[in-house]
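The values are calculated or read from the model by the stated rules, or taken from the named source; none is laboratory data. Everything numeric in this text was worked out from a predicted model, so none of it was measured. Here the Cβ is made from the backbone with ideal geometry for all residues, glycine too, and neighbour counts use every protein chain on show.
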Amino acid sequence: MNSECYEPSSADQYAGLEKKSILSWKPYEAVSLYKELEHPNWAPWLEASIQTLAGRAETFPEGQMVMKNGLGMKLASLSLNRIDWDGNPSHLPSWDQVAGEPTDYSQTYKYDGNTLVLMSMNVAPGHHGEQLPSLMIDQTVLLAKQLGVEHIIGSFRPSGYGQAKKEHGFALDFASYLSMNKDGTDKPLDPWLRSLSWKGMQMLAVDDHAMVVEVPIAEFVQYQQLYHPGSWEQIKNGKMGMWRSWVVDC
């Protein structure tokens, strides 16, 4: 059989799709990683640029992981940084502090740090619900053991807060939402936090200084027009006398 002309059968393709491997990706793969995983998963004001992704792979290669199936298709990715943390919840850094400026970890990474920080995770479109994040977290635990670090932490954005505000009223504050459990369980109501809790995550604190993105008003208006138009809500901030807006379904 001429291997150059061989077309795998559907059974061969299925077997290839079932095989999964997790490995560190190289800086030159930043373009494909951005197109296949980063861009489809994040709002335009939150996604990392190709340059930033490549920089992270140069700064902390072991911490930039990608999952592929047997055919080489990228299924998921996870970006980690390595820092020092004393274990005190009141001393937890914000996402911005861990990422640094620029957000390629070049200013914050500690080669002998005692803590791994989960910074960003992506799952390829069409592969949600396959428990891929669970596998990536398992790999993070293995890496932590290999590196001899003491802690694994992350600043996690609840996935269902916007929908909960629609259902329970916009007066539902963030801390109250986090305290809500799924009916009949002791697990968080929020789908993403519930998944993390099954992996042993413990919620330590509310990050009052989570990622902040400031953009010119013209860019903001463009986002309103192009990103989930019709899904924006406007809330009056009485203390500041200003208006704030956000997408409630992302």
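If you check 50, 83 for being over 28 Å from residue 206 (Cα atoms) and surrounded by 15 or more Cβ atoms within 10 Å (Cβ to Cβ), only one passes: 50. Taking residues in the stretch 58-78 that are touching a residue at least 12 places away in the same chain (Cβ under 8 Å), and partners anywhere that are of a type in the set (Lys, Arg) and in a helix (DSSP H, G or I), the pairs with Cβ atoms closer than 9 Å and at least 6 places apart or on different chains are 63/56; 64/56. Quick check, is residue 175 loosely packed, with under 12 Cβ neighbours inside 10 Å and within 23 Å of residue 97 (Cα to Cα)? Taking the combined requirement at face value, the residue satisfies it.
Of the residues 43, 48, the single one that is under 14 Å from the mean Cα position of the chain (by Cα) and modelled with pLDDT of 95 or more is 48.
In summary, residue 117 fulfils each of the numbered conditions (1) under 16 Å from residue 197 (Cα atoms); (2) touching a Lys or Arg at 6+ places or on another chain (Cβ under 8 Å) with the single exception of condition (1). Looking only at residues of the stretch 112-130 that are farther than 28 Å from residue 212 by Cβ and loosely packed, with under 13 Cβ neighbours inside 10 Å, we find that the one that is farthest from the chain's Cα centre (by Cα) is 112. Tell me whether the stretch 92-99 contains one or more residues that are surrounded by fewer than 16 Cβ atoms within 10 Å (Cβ to Cβ), free of Cβ contacts under 8 Å to residues at least 40 places away in the same chain and not polar (S, T, N, Q). So far as the stretch 92-99 goes, no, none of its residues is surrounded by fewer than 16 Cβ atoms within 10 Å (Cβ to Cβ), free of Cβ contacts under 8 Å to residues at least 40 places away in the same chain and not polar (S, T, N, Q). All conditions in (1) surrounded by 11 or more Cβ atoms within 10 Å (Cβ to Cβ); (2) out of contact with any Asp or Glu (no Cβ under 6 Å at 6 or more places or on another chain) hold for residue 185, with the sole exception of (1). Within the stretch 190-219, the set of residues being part of a helix (DSSP H, G or I), surrounded by 13 or more Cβ atoms within 10 Å (Cβ to Cβ) and of a type in the set (A, V, I, L, M, F, W, C) comprises 192, 193, 196.
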